[in-house]
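First the structure, which I've put down as structure tokens, then a few questions once you've had a look.
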Amino acid sequence: MEVHKPFIFRNGVLLVSIEIDVKGVSKSYGKTKVLRDIHLQIQRGQIYGLIGPSGSGKTTLVKLIVGIDSADEGDVEVFGIKMPNLDLLQDIGYMAQSDALYLELTGYENLAFFASLYPMKKTEMKKRIAYAAELVKLTGELKKKVSAYSGGMKRRLSLAIALVHDPKILILDEPTVGIDPELRLSIWNELMHLKNEHQKTILITTHVMDEAEKCDIVAMVRNGALIKNGSPDDLKAAYGANQLEEVFLQAGREQS
Amino acid sequence: MRVQALIKRIIKQMLRDKRTLALLFFAPLIVLTLMYFFFNGNGNEAEIGIADVDKRLVALLEERDIHIEYVEAADSQTVIEAELDGLLTDENGALKLILLNDDPSVARSILVQVNQALLMQNAAVGGDAPTLETDYIYGSGDTEFFDVLSPVLIGFFVFFFVFLISGIGLLKERTSGTLERLMATPIRRWELVAAYLAGFGLFAVIQTVIVVSFSVVVLDVVLVGSIWHVILTNLLLALVALSLGTLLSSFASSEFQMVQFIPIIVIPQIFFAGIFPVEGMAEWLQGIGRIMPIYYAADALKGVMYKGLGLADISRDLLALCIFALVFIVLNVFALKKHRKL
């Protein structure tokens, strides 16, 4: 599973194209082992999917990468710098699994508050807020208090907040839970657009197999261990399967 | 910049939560007013017995809304049997006032009225003022409970409400996941603590000014010293409450658990606030008192409001409060490490 580190030179400057490097990370809560020796590398402009059942450790891994939890063993590096690092957080847009929103405030106020935590000019901020809101189709609802939002609207607002400061890396924990199929499709189209046009790196967790199909690389997580990773097509070929779901089940059997 | 954004957000949230605002600003006033009426009974209902007293003096007393009852025998027994609040007799030129004193405020009110009547009669008649000897059936003369209690109460209510509301404010940030979300932004831990202190501090300042002004202007609590010193002391106490509330909220996982800190952290402090004489306590108990912020605040407040002490006299108490606040603030910054190491 050891991946060769590709380097890109531009104008004589070394650009490390591996943006997220997870090096042998383990984590326990009390006596429960949540993560076991996880290694993974995510390249610039990739959509990297973490797939696995709930309780498999996806969220913990994501939190370690963002730096809001610390590993017992191993390191996480982003742009070659060890996390947590305050400057690097500037380049990361994080969407938590639970909607972390201020219910007393309106959608706009939530966006404006989080945007103002990053260095940004007023005019740029307004543009970014408008862009992020439009992306998740919330423009018409921004004046409403979040307490009046539906579950799906809160999810979309959380996604907009993750995008509002134009980060290089997006880390999205179950972004499409509770969102209707049509909007889910439009969000995925937008993620593809962000990846293709703006070379954003996107780490996404999901337990929906058809979303995993859309990722460049899929990593299967089970019981805190990364059991298989690769592009969806490679994985299917390796197992002679038509669907990722079969791969997941077979790989799971191998592990146990 | 980030601190400013946070402060703005905290203020907005507070302003939208009208009930919490009402609790912060008006609940202390209601409780203080109730206490005031409980401890300061209405002196106008006082009824005293009169035996062998100058008629002019009696007339003056009647003008002052005191019910007069003429009695034969002049001793304590008469007072109790006739259900009087006091009894005034003239024993060979020396006036003697027996006070029931089952309610210190009533007794004091009678004493004041009789004294004033005596002064007026003296001014009219001239000559030596007759001496007034006072006897108490229950207790003694130096009990005016609310006057002693009110500086302590003002401090206590400021502490209590600021503690609760700031603690629950930060707790909400934790339980809703927004604190973790904030930690995924480049915000520094001290920035968060500073913003919480400033945002909630603003409301604490408003509350302190309202409570102190209400007590002094409306409830007419004794204030010998400067009102600014009272406000200053209360502001420092509010800062202690604010930093302690946010600190303890990191050890609570729900609003209910935050409320559980009240009997453990808040109530015991009342015992060391000087409502009960601290000097009479066992030495180890006095030692505990020294680690209670309210002990110092109450000492300073009583000093200013009751004894009329100046800033220099209460500077040690104020310094102690500053140290408490500083320690709690630093601990707050460390407590946030739970969410992000950096």
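The values are calculated or read from the model by the stated rules, or taken from the named source; none is laboratory data. These numbers come from a predicted model, not from an experiment. Please note: Cβ atoms are built from the backbone with ideal geometry, for glycine as well, and neighbour counts cover all protein chains shown. Calculation scope for accessible area: heavy atoms of the full protein, side chains included, ligands and nucleic acids excluded. Shrake-Rupley method; radii C 1.70, N 1.55, O 1.52, S 1.80 Å.
Has region B:176-196 got any residue that is over 19 Å from B:Phe328 (Cβ atoms) and more than 14 Å from chain A (Cβ to nearest Cβ)?
Looking through region B:176-196, none of the residues is over 19 Å from B:Phe328 (Cβ atoms) and more than 14 Å from chain A (Cβ to nearest Cβ).
This table checks each residue for (1) more than 26 Å from the chain's Cα centre (by Cα); (2) at positive phi; (3) surrounded by 16 or more Cβ atoms within 10 Å (Cβ to Cβ).
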| position | (1), (2), (3) |
| --- | --- |
| B:Ile7 | yes, no, yes |
| B:Pro28 | no, no, yes |
| B:Met35 | no, no, yes |
| B:Ile48 | yes, no, yes |
| B:Asp52 | yes, yes, no |
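Still on this structure, I have one more. Please enumerate the residues belonging to region A:39-51 that are in a loop (DSSP other than H, G, I, E, B) and either polar (S, T, N, Q) or at positive phi (or both).
Result: A:Gly45, A:Gln46.
Among the residues of region B:14-36, what is the count of those that are without any contact (Cβ under 8 Å) to a residue 12 or more places away in the chain and assigned to a helix (DSSP H, G or I)?
So the answer is 8.
Yes/no matrix, rows are residues, columns are (1) within 14 Å of chain A (Cβ to nearest Cβ); (2) in contact with a helix residue (DSSP H, G or I) (Cβ under 7 Å, 6 or more places away or on another chain); (3) open to solvent by 40 Å² or more (accessible area, probe 1.4 Å); (4) not acidic (Asp, Glu):
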position	(1), (2), (3), (4)
B:Gly169	yes, yes, no, yes
B:Gln207	no, yes, no, yes
B:Val222	no, yes, yes, yes
B:Ile231	no, yes, no, yes
B:Ala238	no, yes, no, yes
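Something else: Taking A:Ala212, is it crowded, with 16+ Cβ neighbours inside 10 Å, touching a strand residue (DSSP E or B) at 6+ places or on another chain (Cβ under 6 Å) and farther than 20 Å from A:Asp99 by Cα?
yes
Exactly one condition in (1) within 14 Å of another protein chain (Cβ to nearest Cβ); (2) within 16 Å of B:Phe157 (Cβ to Cβ) is false for B:Gly199; which is it?
Tallying (1) within 14 Å of another protein chain (Cβ to nearest Cβ); (2) within 16 Å of B:Phe157 (Cβ to Cβ), B:Gly199 fails exactly one: (2).
Does B:Phe203 fit the bill of being surrounded by fewer than 18 Cβ atoms within 10 Å (Cβ to Cβ) and closer than 30 Å to B:Leu179 by Cα?
Working: surrounded by fewer than 18 Cβ atoms within 10 Å (Cβ to Cβ): no; closer than 30 Å to B:Leu179 by Cα: yes.
For B:Phe203, the condition - surrounded by fewer than 18 Cβ atoms within 10 Å (Cβ to Cβ) and closer than 30 Å to B:Leu179 by Cα - is not met.
When the residues of region B:9-26 are filtered to those that are surrounded by 19 or more Cβ atoms within 10 Å (Cβ to Cβ) and within 11 Å of another protein chain (Cβ to nearest Cβ), which remaining residue is nearest to the chain's Cα centre (by Cα)?
B:Met14
Select the helices (runs of 4 or more DSSP H) contained entirely in region A:64-157, then report the ones holding at least 2 residues which are modelled with pLDDT of 90 or more and more than 9 Å from chain B (Cβ to nearest Cβ).
A:107-115, A:122-135
Out of all the residues in region B:286-321, which are of a type in the set (A, V, I, L, M, F, W, C) and open to solvent by 50 Å² or more (accessible area, probe 1.4 Å)?
Result: B:Ile288, B:Ile291, B:Leu309, B:Leu311, B:Ala312, B:Leu319.
Something else: Can you tell me which of (1) within 15 Å of the chain's Cα centre (by Cα); (2) of a type in the set (S, T, N, Q); (3) surrounded by 15 or more Cβ atoms within 10 Å (Cβ to Cβ) is the one B:Thr246 doesn't meet?
(1) is the only condition that B:Thr246 fails.
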